[in-house]
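Here is the structure we will look at.
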Amino acid sequence: MFLIVITDGFKKFETASQLCSYAGITPTIRESGSSVRGRARISKVGNRKLRNLLFLCSFSAYKHNKGCVAIFERITNKGKSKKLALIAVSNKLLKQCFAIAKSGIPYDAGHVSVLKVK
């Protein structure tokens with residue numbers, strides 16, 4: 001319900017990446033020229049309450065949502081931290097919510113995307 005109110009029924013955004021940027025869960029690369037290269041971190045510029053709720057939801061999603069389980073395992077198997085994997089799961093959840101709201105098709109756990117992967 002909070003997500004629908006915050007996004008005005010998802011009418012404020014045209015793409016899922018715009019919504020993720022609004023929530024502040026997109027990675028930003030910190031660099032300046034050739035001398036300063038920092039680690040990529042989430043931007044934290046967006047809506048703090050939405051970001052916190054998504055992070056809390058990711059704890060349940062990485063155990064029960066097939067797409068989120070795959071992302072969590074892929075990232076942790078690379079040796080990355082669990083917190084980083086949970087942020088990626090949050091990003092996936094938000095993109096799933098956006099797709100469901102824009103398409104009007106109910107959630108289907110066995111759905112396979114017909115989009116070609118580059």
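Any read-out appearing in this document is the output of simple, stated calculations on the displayed coordinates, not a laboratory observation. Just so it is clear, the structure is predicted and the values come from calculations on it, not from any experiment. As a convention, Cβ positions derive from the backbone with ideal geometry for all residues, glycine included, and neighbour counts pool all protein chains shown.
Quick check: is even one residue across the stretch 71-82 of a type in the set (Phe, Trp, Tyr) and touching an Asp or Glu at 6+ places or on another chain (Cβ under 9 Å)? No, that holds for no residue.
For the stretch 2-118, which helices (runs of 4 or more DSSP H) that fit wholly inside it have 1 or more residues that are under 14 Å from the mean Cα position of the chain (by Cα) and surrounded by fewer than 19 Cβ atoms within 10 Å (Cβ to Cβ)?
Hits in the stretch 2-118: 16-23, 48-64, 66-77, 82-103.
Of all residues in the stretch 23-45, none satisfies being touching a Phe, Trp or Tyr at 6+ places or on another chain (Cβ under 7 Å), touching a residue at least 24 places away in the same chain (Cβ under 8 Å) and not small (Gly, Ala, Ser).
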